[in-house]
Each structure stands twice: as structure tokens, then as C-alpha cells.
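Chemist: Got a structure for you, written out below as C-alpha cells; questions coming shortly.
Please treat every number below as a calculation from the coordinates, not as lab data. Quick caveat: nothing in here was measured; it's all calculated off a predicted structure. Here Cβ is always computed from backbone atoms with ideal geometry, including for glycine, and neighbour counts include all displayed protein chains.
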Amino acid sequence: MTEEKQGRAEGKTAISLAEAGIGSIFYVHSIEGSAVECHRLRELGFCEKAEVVKLAHGAMTVCLVCGSKLGLNKGLAKRIFVTSAKKDSAL
């Protein structure tokens, strides 16, 4: 089943980073999980409204955030919700 959230401010649908397309630019919409996991992801740069480029997926989701390449396991990638950086894109 597709994990989707309705974006509050922009009216866009947010999807998990695990489901996002490769090579596209996204903005972090929200993060779900325990307080410790959310805090650590924010320390790594996954703050709300941060720009993220998804580079690859598979066993690890590789993305570019804050100028650094990071690899996330599938479980963590499913907890990060993103919206498209394009104004008229439906993801």
C-alpha cells in the first residue's frame, strides 16, 4: 500500500522517500518515528523543508542532503516524507 500524507501548507501530497523517484529534487515534509530517530535524522540534515535529491534505491536509499551523500535503510527511508520541489508536480 502506498504511504501518502496530505501536505498542509501547499496542498501537495507527501510520499515517503523510499517511494520517491530517483534523480528528482524533493523537500522534506515531515519525519515519523521515535523521538530519538527523528532527532538523529534532523542532525543528519533531514529537517523540514530541507532539499533532498534521491540518487539510488535498493537495499539502501542513497540521497544527497546538505551537500553530503547518505545511505539510509528502507525502514528509515519510509519514515521521511517528501514533496516535489516542482510547483506543479504531482510526484
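Chemist: Compute the signed sum of charges (Lys and Arg +1, Asp and Glu -1) over the other residues within less than 14 Å, Cβ to Cβ, of A50.
Modeler: Numbers: positive: R42, K49, K54; negative: E43, E48, E51.
Neighbour charge sum, excluding A50 itself: 0.
Chemist: In addition: Take each of the peptides 76-85, 36-45, 57-66, average the number of other beta-carbon atoms within 10 Å over its residues, and list them starting from the highest.
Modeler: 76-85, 57-66, 36-45
Chemist: While we're looking at this one, here's another question. With θ set to phi - 60° and the Karplus curve 6.51 cos²θ - 1.76 cosθ + 1.60, what are the ³J(HN,Hα) couplings of segment 61-77 in order, to the nearest whole Hz, using x for Gly and Pro?
Modeler: Computed from phi, the couplings for segment 61-77 are 8, 9, 9, 10, 9, 6, x, 10, 8, 10, x, 10, 6, 4, x, 5, 4 Hz.
Chemist: Which whole-number value in Å³ per residue fits the convex hull of the alpha carbons of segment 4-84? Write down the numbers at each step before the final one.
Modeler: On the way: hull volume 6.5 nm³, N = 81.
For segment 4-84, the hull spanned by Cα atoms encloses 80 Å³ per residue.
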